[in-house]
Amino acid sequence: MKLYKLAKGSLLQHNGSSYIIDDEWDKLINRDGLAAYLESVTTDTTALNAEVENEHLTGNILPPIGNQEVWAAGVTYLRSRDARMEESETGASLYDKVYDAARPELFFKALAHRVSGHNGEVYIRKDSEWNVPEPELTLFVNSNGNIQGYTIGNDMSSRSIEGENALYLPQAKVYEKSAALGPCLYVTSSPIPGETVISMNIKRKGELVFEDETTVSRIKRSFAELTGYLYSECDFPYGCFLMTGTCLVPPPSFTLQTGDVVEISIDHIGTMVNVIGLNTKHK
Ligand code: DO4
Ligand code: MG
């Protein structure tokens, strides 16, 4: 089932019907058995008609995040390891080592105020000449450390800043509108299957300039391993979003430009569209 966060309340799509749920977002999603809870809501809530559903969804979808932190895993796919090794001026072996190490790379990415949603803008940095989107299956993990849902993540990244020195990673990864989540939280009681396809295309002035796809099964680590490390020394009172690493990387000749449109699709969840912009507030 799909749960959309709206300006007021949320909209649940289940078995071809839609329902409005008034519960406060953090309280609604942060529970064990979220799928069963949402299913129970549908039995005593009146379904919306299609016109009302459209009115709720048109232009009103927010990123599916409240007070949760967003974290990200890195170098979890061979494609990502290879791309970092190519771009790195000084630290290629770091990426090789972390790909094979027991401990994964995990980094803090954002709080909600830096996160855009479906159809929202994401920024490239003005001091970076090489910028890419990173399409990532993103887990919603509740405060007990249990995965309750999935969403699409875009871990916007500066490859030139990260490539110059691996210690610059926080600047390559964390800045205004450097993350997007959406369009909904896909809630299921069974793990998302390995055959799940992740695809990304990028359009410039209406022309396709990049397209590729792969499957979740190519990930090196299990989700239990990633969440286990993340939760081993941190509490997340509202739960947490964990981007699981990029599996698609455009070729080295590619960098984003303002106005580019990035479309990321993941089976079961849907498609998230973001437009590339620049932060004009800071000189
Ligand atoms: O090590 C740098 C970041 C890696 C990353 O964000 C990814 O693999 O998705
Ligand atoms: Mg990433």
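Residue check: SER10 meets all listed conditions (1) assigned by TED's automatic domain parsing to the domain that holds ALA179; (2) without any contact (Cβ under 8 Å) to a residue 24 or more places away in the chain; (3) within 21 Å of the chain's Cα centre (by Cα) but one, namely (1). Please determine whether any residue of region 166-176 is of a type outside the set (A, V, I, L, M, F, W, C), at pLDDT 95 or above and over 25 Å from PRO251 (Cβ atoms). Yes; the residues of region 166-176 include at least one that is of a type outside the set (A, V, I, L, M, F, W, C), at pLDDT 95 or above and over 25 Å from PRO251 (Cβ atoms).
So, ALA92, is that one within 16 Å of ligand 1 (Cβ to nearest atom), surrounded by fewer than 19 Cβ atoms within 10 Å (Cβ to Cβ) and over 19 Å from THR244 (Cα atoms) or not?
Working: within 16 Å of ligand 1 (Cβ to nearest atom): yes; surrounded by fewer than 19 Cβ atoms within 10 Å (Cβ to Cβ): yes; over 19 Å from THR244 (Cα atoms): yes.
When the stated conditions are applied, ALA92 passes them.
TYR150 falls short of the stated requirement of being touching a Cys at 6+ places or on another chain (Cβ under 6 Å) and under 30 Å from TYR238 (Cα atoms).
Condition check for ILE264 on (1) modelled with pLDDT of 95 or more; (2) farther than 16 Å from GLY182 by Cβ: one failure, at (2). Total residues in region 217-268 satisfying the condition of being under 16 Å from ASN201 (Cα atoms) and within 14 Å of ligand 1 (Cβ to nearest atom): the figure is 6.
Of all residues in region 63-81, which are in contact (Cβ under 8 Å) with a residue 24 or more places away in the chain and among the charged types (D, E, K, R)? GLU69, ARG79, listed by residue number. For region 57-73, the criterion of a residue being of a type in the set (Gly, Ala, Ser), out of contact with any Pro (no Cβ under 8 Å at 6 or more places or on another chain) and surrounded by 18 or more Cβ atoms within 10 Å (Cβ to Cβ) is satisfied by at least one position. Taking region 140-178 as the range and being among the hydrophobic types (A, V, I, L, M, F, W, C), within 14 Å of ligand 1 (Cβ to nearest atom), within 15 Å of the chain's Cα centre (by Cα) and over 19 Å from LYS203 (Cα atoms) as the test, only VAL174 passes. Cβ-Cβ distances below 9 Å connect the following pairs, each with a first residue in region 93-111 that is free of Cβ contacts under 8 Å to residues at least 12 places away in the same chain, a second residue that is surrounded by 13 or more Cβ atoms within 10 Å (Cβ to Cβ) and of a type in the set (A, V, I, L, M, F, W, C), and a separation of six or more residues or different chains: SER93/MET85. The sole residue among LEU38, LEU28, LEU34, LEU11 that is more than 24 Å from LYS177 (Cα to Cα) and either in contact with a Phe, Trp or Tyr (Cβ under 6 Å, 6 or more places away or on another chain) or among the hydroxyl-bearing types (Ser, Thr, Tyr) (or both) is LEU11.
Residues that are closer than 17 Å to GLN68 by Cα, more than 15 Å from ligand 2 (Cβ to nearest atom), crowded, with 16+ Cβ neighbours inside 10 Å and in contact (Cβ under 8 Å) with a residue 24 or more places away in the chain occur at least once in region 149-171. Just so you know, in region 46-88 the residues that are within 14 Å of ligand 2 (Cβ to nearest atom) and assigned to a loop (DSSP other than H, G, I, E, B) include one that is farthest from ALA102 (Cα to Cα), and it is TYR77.
Residue count for region 135-147, restricted to those that are surrounded by fewer than 23 Cβ atoms within 10 Å (Cβ to Cβ) and not aliphatic (A, V, I, L, M): 5. If I filter region 182-190 for residues that are free of Cβ contacts under 8 Å to residues at least 24 places away in the same chain and in the same structural domain as VAL273 (by TED's automatic domain parsing), do I get at least one hit? Checking region 182-190: at least one residue is free of Cβ contacts under 8 Å to residues at least 24 places away in the same chain and in the same structural domain as VAL273 (by TED's automatic domain parsing).
Do you know which of the residues in region 189-211 that are within 17 Å of the chain's Cα centre (by Cα) and part of a strand (DSSP E or B) is surrounded by the most Cβ atoms within 10 Å (Cβ to Cβ)? So, considering only residues that are within 17 Å of the chain's Cα centre (by Cα) and part of a strand (DSSP E or B), the one surrounded by the most Cβ atoms within 10 Å (Cβ to Cβ) is MET200.
The values are calculated or read from the model by the stated rules, or taken from the named source; none is laboratory data. From a predicted model like this one, the values you see are computed outputs, not experimental measurements. As a convention, Cβ positions derive from the backbone with ideal geometry for all residues, glycine included, and neighbour counts pool all protein chains shown.
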